[in-house]
Amino acid sequence: SFADLAIQIAEEQGFEYEILTPAEMEAAGMGAILAVGKGSSVPPRLIRLTYRPSHTAGDSRTVGLVGKCITFDTGGYSIKTSDGMLTMKTDMAGGAAVLATMTALKATGCRHTVHGVIAAAENMISGEAFRPGDILTASNGVTIEVLSTDAEGRLVLSDALVYTAKQGAEEM
C-alpha cells in the first residue's frame, strides 16, 4: 500500500512518521477523507512524515507539504467513463510528489522543519460509498454538501490541510 511505502521511506530516511487509521481519523472528525474512502475495501489513510534538520537556519520555520493521493478514482457515483478511468491510477501523483520532496529535503540539507502530509484513499463505488447530496463534516467543523462524488480531491485535501496546520505548519 502507499502507506507501507511511506513507512519504508520514513524509516530509511530517519523521518518521524504517523499513519492515521480510519478510527483515528474519525476521532479527529475527518469526515471528508473518510467519506471518500468509504466505498473501497482498502481503508483511507492520512500519512505524515516529518523532517527535522540537524541544524536550523536563523529564519527557520515549519513548512507543510500536502498531497492528494487518490490511488484509484472511478468518480464514485458521479462515475467517470471507462476512457476517463484509464489514467486514474495516477491520481496519486500529489502523494508521490510529497514523498519525493521529503527525500530531497534531507539530501539537500534543508534547514527548516517540514511536515509532509498525504491524504490517501480510493474513490470507489459500493453500497457503502458516499453519494451526491450527502452532507459531510470536515475536521474544522465546516459542513460540505456533496454535489459530485468526483470532486474527491478537494474533500481529502480539506482534512489534510487542517491536520497540517494543527501540526504547526506556518506555511503550506
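Each reported figure results from applying straightforward, stated rules to the coordinates on display, with no laboratory input. Note that the structure is predicted; figures quoted are calculated from it, not measured. Cβ: placed from backbone, ideal geometry, glycine included. Neighbour counts: every protein chain shown.
Listed values, structure above:
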quantity	calculated
Cβ-based charge dipole, the chain, positive-most Cα from I70, G37, C110	C110
Burial ordering of K166, K38, K106, fewest other beta-carbon atoms within 10 Å first	K166, K106, K38
Test item: Cα-centred dipole of the chain, Lys/Arg +1 and Asp/Glu -1 on Cβ, debye	300 debye
Segment 93-147, relative contact order in percent, only Cα pairs under 8 angstrom and at least six apart counted	25 percent
For segment 131-142, Karplus couplings with θ = phi - 60° (6.51, -1.76, 1.60), whole Hz, Gly/Pro x	10, x, x, 5, 10, 10, 10, 6, 5, 9, x, 6
Span-like helix ranges in the chain, DSSP H, alpha carbon extent 20 angstrom or more, Kyte mean at least 1.0	93-108
Packing-based order for 48-58, 64-74, 120-130, using average beta carbon neighbours within 10 Å, highest first	64-74, 120-130, 48-58
DSSP-defined antiparallel bridges as percent of all bridges, segment 2-166, nearest 5	60 percent
Overall Cα dimensions of the chain - principal axes, largest extent first, Å	51, 34, 23
Value of Rg/Rh across segment 80-168 [Cα atoms, Kirkwood radius]	1.05
T113 long-range amide H proximity, modeled H, under 5 Å	R61, V63
Structure-based [θ]222 nm, the chain - -39500 (n - 2.57) summed over DSSP H runs of at least 4, per residue, nearest 500	-10000 deg cm²/dmol
Local net charge near D150, Cβ-Cβ under 10 Å (Lys/Arg +1, Asp/Glu -1)	-1
Eligible lysines near K38 by straight Cα distance, threshold 27 Å, same-chain separation 8 or greater	K68, K80, K89, K166
